[in-house]
Amino acid sequence: MSSTPQPIRGMQSLIGEEVDRFHAVVAAFDRVRRLYGFKRVEVPILESTAVFARTMGETTDVVSKEMYSFQDRSGDPVTMRPEFTAGIARAYLSEGWQRFAPLKVATHGPAFRYERPQKGRFRQFHQLDAEVLGSADPQSDVELLAFADQLLRELGIGGVSLQLNTLGDGASRDAWRTLLIDYFAAHRSELSEDSQDRLERNPLRILDSKDPRDRPFAEAAPVMTLTAEAEDFFAQVRAGLDAAGVAYQLAPHLVRGLDYYRHTAFEFVTDRLGAQGTVLAGGRYDGLIEQLGGAHTPAVGWAAGIERLSMLIDAPAPDSLDVAIVIEDDGRMADGWSAASALRDAGLSVELVASGSPRKRFDRAVKKGAAEIVVLGTQDGRPTRRIKAGGESRAQAVLGD
């Protein structure tokens with residue numbers, strides 16, 4: 001006898017309260033998206049591997065260890081997206097979205113990374129994503145952060161703080177990178193193996209290392225000296241957040257390791273999920289589209305894990321049933337379907353109770369918790385209908401006498 005197939009590790013199916021929480025997050029995202037004028041877009045799950053290798057870097061853990069990549073039947077290397085931003089940037093370039101710039105877009109859906117599953121993190125996970133492409137204005141950063149802040153408030157998630165930093169402009173960042181290489185090189189033998197490997201190619205990543213061997217050196221590392229232009233940009237972002245009522249904390253060691261990141265970097269973090277405390281993160285990536293062969297295109301965006309947000313919200317009320325139709329006489333089935341269609345056309349949710357013992361069908365309808373129960377039967381050979389409702393009957397108004 002063959003065994004029952006089991007789910008692949010890191011993939012999950014949802015039912016009941018879990019799926020209700022999931023869709024409550026998505027519904028709130030869609031409401032707030034509209035308030036801020038972000039257009040809904042869709043991008044493919046499957047992209048050319050080069051889209052991610054060129055934007056995320058061949059040596060990053062995501063590209064080298066975590067991507068679901070394979071050759072399709074034509075022999076082309078393809079990858080199931082590990083995140084949204086690169087695919088949106090590719091669509092911006094190759095599908096003519098530049099004509100809409102500056103473009104504010106939002107989307108959500110599954111992404112895939114082969115990593116160790118843990119609390120709130122799966123190999124197939126789901127993200128919310130919001131991006132502004134083609135705008136160098138610091139007010140775009142403010143709007144994205146206000147969008148994120150309002151989303152978390154709409155979801156009723158407390159205890160979350162916005163950690164904010166600037167990565168400066170190109171000149172600021174390049175000078176800082178040189179300082180960090182010199183500083184960490186003096187302590188090379190005391191760093192973790194991963195940080196020793198990152199020292200020359202990606203020293204900024206050492207700053208967010210969680211390895212206890214690295215933390216003392218990361219916390220004492222030199223901070224960035226901003227150019228006047230970068231200082232002014234960050235000041236405008238902070239002033240906009242203050243005016244919008246978005247609270248934040250400055251986090252001078254919050255970084256993004258890839259070279260195309262500029263200016264604003266941020267994370268919304270909580271202490272309610274243990275070590276995996278980031279629930280929403282993003283930043284300005286003014287150099288990414290150039291990595292895909294496009295012209296210089298300023299852009300900023302964020303992503304949030306739906307699973308993690310789902311764990312932080314109150315359980316939504318389950319769907320309620322408006323009307324249960326009880327078929328006491330099987331000869332009234334056609335009348336039951338007709339009534340159900342009329343009620344559903346009027347916007348009421350309906351279930352038919354027409355199986356099992358006719359004498360027990362009414363009790364089964366009561367257990368469903370319907371606001372109203374319509375009973376179709378016969379008496380003395382004539383069709384009958386009675387309605388049980390707690391107040392004024394909406395079913396009666398639709399079906400008539």
**Study point:** Selection from the range 215-258 of residues that are within 26 Å of the chain's Cα centre (by Cα), closer than 27 Å to Glu290 by Cβ and without any contact (Cβ under 8 Å) to a residue 40 or more places away in the chain
**Key:** none
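Pick out the one residue from Glu115, Glu143, Glu131 that is in a loop (DSSP other than H, G, I, E, B), surrounded by 15 or more Cβ atoms within 10 Å (Cβ to Cβ), assigned by TED's automatic domain parsing to the domain that holds Leu292 and not β-branched (Val, Ile, Thr).
Glu115
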Review point. Of all residues in the range 156-198, which are closer than 30 Å to Ile313 by Cβ and either surrounded by 18 or more Cβ atoms within 10 Å (Cβ to Cβ) or in contact with a strand residue (DSSP E or B) (Cβ under 7 Å, 6 or more places away or on another chain) (or both)?
Key: Ile157, Gly159, Val160, Ser161, Leu162, Gln163, Leu164, Asn165
Practice item. For the range 159-169, state whether one or more residues are of a type outside the set (Asp, Glu), assigned to a helix (DSSP H, G or I) and either touching a residue at least 60 places away in the same chain (Cβ under 8 Å) or farther than 30 Å from Phe22 by Cβ (or both). Key: no
Exercise for review: Would you mind telling me which numbered condition in (1) within 31 Å of the chain's Cα centre (by Cα); (2) assigned to a loop (DSSP other than H, G, I, E, B); (3) closer than 27 Å to Ala136 by Cα; (4) not hydroxyl-bearing (Ser, Thr, Tyr) Pro212 fails?
Suggested key: (3)
Review point. Of the conditions (1) touching a helix residue (DSSP H, G or I) at 6+ places or on another chain (Cβ under 7 Å); (2) over 29 Å from Ile8 (Cβ atoms); (3) assigned to a helix (DSSP H, G or I), Ala91 fails just one. Which one is it?
Key: (2)
Check your understanding: Which pairs have Cβ atoms under 7 Å, sit 6 or more apart or on different chains, and link a residue in the range 105-127 that is farther than 13 Å from Pro82 by Cα to one that is surrounded by fewer than 20 Cβ atoms within 10 Å (Cβ to Cβ) and of a type in the set (Phe, Trp, Tyr)?
Key -> none
Study note, to complete from the structure: Within the range 343-363, the residues that are surrounded by 15 or more Cβ atoms within 10 Å (Cβ to Cβ), under 42 Å from the mean Cα position of the chain (by Cα) and part of a helix (DSSP H, G or I) are Leu343
Practice item. For residues that are more than 46 Å from the chain's Cα centre (by Cα) and modelled with pLDDT of 90 or more, scanning just the range 381-401, find the one that is farthest from Arg332 (Cα to Cα). Key: Arg386
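The values are calculated or read from the model by the stated rules, or taken from the named source; none is laboratory data. These figures come from a predicted structure and were not determined experimentally. Heads up, the Cβs are rebuilt from the backbone with ideal geometry, glycines too, and the neighbour counts pull from every protein chain shown.
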